[in-house]
Amino acid sequence: MKKILVITDVDFWRKGAGHRIRILKLVEFLAPRTDLTIAFIGIDEDRKENAQYHSGYQFVFLGENKLLELDQYAERLSKYLDDRNFDFCIIEYIHNAYLLNALPEDLKTILDTHDLISERTESFKEYGHEKTLFELPAELEIELFGVFDYLMLICEPDYMKLKTTFPEEKLLLCPHPPTLYRHAIRTAVKNIGFVGSEYLPNKDAVHFFIKECWPAISKKYPVQFTIYGNVIRTLDDQMSCKNIHRAGYIEQMDELYNEIDIVINPVRFGAGLKIKSVEALANGLPLVTTTHGARGLESAPNHTFWIADEPKQFIETILALIEDYSLRQKTAQRAYDFIAENFSPEKCFQPLMNIINQ
């Protein structure tokens, strides 16, 4: 087996957010197929708590019970690698590119980009949110991309954009493989659901939906809108109104989606693939999302999900789904079939495995 080192500062074992689930799925895929080691940059306060997740791979903490300076993490990584050899090193997120200097020159490097940070920066600015996250101008991001041997890209729009700058053999299109779970479609709609972390675009999405769409929907039908995930921590008390329930974080995703009849994702800005959209489809549920929320799903056949960018579109589409059981059944079946055919772990990570096993 090839020896793979994954370096991350994301506590992926906690789940509860798309970027954590993405890394967890990568780890679960690589563990039985490679000799895998995870190097975690951060506080090791969860050492005992997350030990149960380390089945099938090695896990090493590069930190202590306090945050260190970046050069200290690089020094510790370099020391760790003194008497160890790896075939490939996968670095999670471009902000950890500073660790390249700690790696042996002959070690092949792969950047798991998740998002194009320069694109995310511009998208946040468009909605008036500057300097809220790590930002990067496009020129510097491209320069940093050039230092890595390979780039993992989570969606086709990112792949096509970088294809104009880098050779195709450097680019690995590796979407997110969700867990498939087919749910029964109930004859009557009782619950419309949104699932999201504290990520700012999720907060904006909930505010947009409650303010612009929910009054018209709840006025016509006695349905409930349930907000799942840690996004509830970011919401104002004023955002409570008729038939809105804040469920919060639920670890068992199949149980969560079993409560929902229609999933919405009214996200308006950000970057990359929207993992919550992929998960909704994988659970065989009708999804109403925005053009931005459908990013990376452009190859889906018509009516695999529903696009609505304006409040009127959202309201009309949701009302149509509430009123038509057959339409919900057909949409759910298309959704499940599309993900099953196109987003299996083997298919999503095949480009990565081709490089590792070449």
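None of the figures in this text is laboratory data; all of them are computed from the coordinates on show. Note that the coordinates shown come from a computational prediction; the quantities given were computed from them, not determined experimentally. Heads up, the Cβs are rebuilt from the backbone with ideal geometry, glycines too, and the neighbour counts pull from every protein chain shown.
From the alpha carbon centroid of the stretch 280-358 to that of the stretch 1-38 is 25 Å.
Rounded to the nearest 0.05, what FRET efficiency do Lys66 and Glu198 give with R0 = 25 Å and r taken as the Cβ-Cβ distance? Could you check? Calculated transfer efficiency: 0.60. Here the Kirkwood formula, the inverse mean of 1/r across different C-alpha pairs, assigns the chain a hydrodynamic radius of 21.5 Å.
Let's see if you can work this out: charge +1 on each Lys and Arg Cβ, -1 on each Asp and Glu Cβ, no other charges. What is the dipole magnitude of the stretch 191-342 about its Cα centre, in debye to the nearest 20?
On the way: 15 positive and 19 negative charges, 71 e Å.
Once rounded to the nearest 20, the dipole reads 340 debye.
Taken about its Cα centre, the chain carries a charge dipole of roughly 1360 debye when the Cβ of each Lys and Arg holds +1 and the Cβ of each Asp and Glu holds -1.
Based on Cα atoms of the stretch 280-358, Rg over Rh with Rh as the Kirkwood radius reads 1.10. At a Förster distance of 22 Å, what's the computed FRET efficiency of Glu135 paired with Lys161, Cβ-Cβ distance as r, to 0.05? For Glu135 and Lys161, the calculated efficiency is 0.75.
Remark on the stretch 108-253: Rg and Dmax equal 19.7, 58 Å (Cα only). Taken about its Cα centre, the stretch 137-176 carries a charge dipole of roughly 100 debye when the Cβ of each Lys and Arg holds +1 and the Cβ of each Asp and Glu holds -1. Centre-to-centre separation between the Cα atoms of the stretch 202-221 and those of the stretch 95-163: 34 Å.
Per residue, how big is the convex hull around the C-alpha atoms of the stretch 191-342? Give it to me in cubic angstrom, could you?
With only Cα atoms used, the stretch 191-342 gives 99 Å³ per residue.
If I build a Gaussian network model for the chain, linking alpha-carbon pairs within less than 10 angstrom, which residue out of Asn230, Asn283, Asn65 has the largest mean-square fluctuation? For the chain, modelled as a Gaussian network with Cα springs under 10 Å, the answer is Asn65.
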